[in-house]
Amino acid sequence: MYCDADWCNKELITIDGKCTSGAMIFFHGNAIDWSCQKQQDVSLSTREAEYKQLTYGMRQTMYYINTLQEEMQYKATPVPTWEAYQGAIVLAQQPTVSMR
C-alpha cells in the first residue's frame, strides 16, 4: 500500500484549508484500489495530514484482507506499506497515539 498527502501546497490547497491525499493498494502486484481526494477536515500539520491518510489506507487494506479471508479463505501475510513522511511513520508505530 502506498499513501501520501500534500499539506500546504499553494496550488492544490483550497480556500477551506483541506489538503489533497491519495492511496493505492496492490494485490499480487496489481492495483485493486486507489483514491485521490481532498481530506474531509483541516489538518494543522504535515504529520497530521500524512497520518490521517496512512490510517485511511490501512483501513481500506484491512477491508480487503478481511474480505479475502472470509470469502476465499486466503491466508493473509504482512502488507508492505510505503509512507514518505517519517513523522507519520513514527506516530503510527507508537502503542498509544496523541495528536498533541
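The values are calculated or read from the model by the stated rules, or taken from the named source; none is laboratory data. If you're wondering where the values come from, they're calculated on a predicted model, not measured in any experiment. Glycine also receives a Cβ, built like all others from the backbone with ideal geometry; neighbour counts cover every protein chain displayed.
Of the residues making up the range 24-72, those that are buried (at least 17 other Cβ atoms within 10 Å of the Cβ) and touching a Lys or Arg at 6+ places or on another chain (Cβ under 7 Å) are Gln39, Ser43. A residue that is in a helix (DSSP H, G or I) and at pLDDT 85 or above can be found somewhere in the range 72-81.
Restricting the range 73-87 to residues that are loosely packed, with under 11 Cβ neighbours inside 10 Å and out of contact with any strand residue (DSSP E or B) (no Cβ under 9 Å at 6 or more places or on another chain) leaves a set whose member that is nearest to Cys3 (Cα to Cα) is Gln86. Note on the range 1-46: residues that are under 23 Å from Val90 (Cβ atoms), polar (S, T, N, Q) and at pLDDT 85 or above total 1.
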